[in-house]
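Please read the structure below before turning to the comments.
Please treat every number below as a calculation from the coordinates, not as lab data. Small disclaimer: the values here were computed from a predicted structure and weren't measured. Using ideal geometry, Cβ is built from the backbone for each residue, glycine included, and neighbour counts are taken over all protein chains shown.
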Amino acid sequence: MNNVIQTLTNLASDASLDSEKTVAQMLANADITQLQHQAILANDVRLLAETINLPSIRAFVPVIVADEDETEQVVTNTTKKAVNA
């Protein structure tokens, strides 16, 4: 995984890699697998992630439901601000 990250870092920071040919040449010299090479050239993030065995990360956004009184207060305050503005 470190080789892939280093390769992507090099791609992002080297302004001379401005054509597909120069990128392909750089990737040919990089210490990555052929499948990773192909995934980078194809901009296939899913395939690239599969080649480096990333853990499955799931994020959940907690949803907090406001009480009815709080909701009415927010609406009232918003209305007053709009009128006073």
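Assorted remarks:
- Model label points for Ser19 and Thr33, set 7 angstrom from Cα along the Cα-to-Cβ axis, are 3.1 nm apart.
- The stretch 1-56: mean projected area of Cα convex hull, nm²: 3.6
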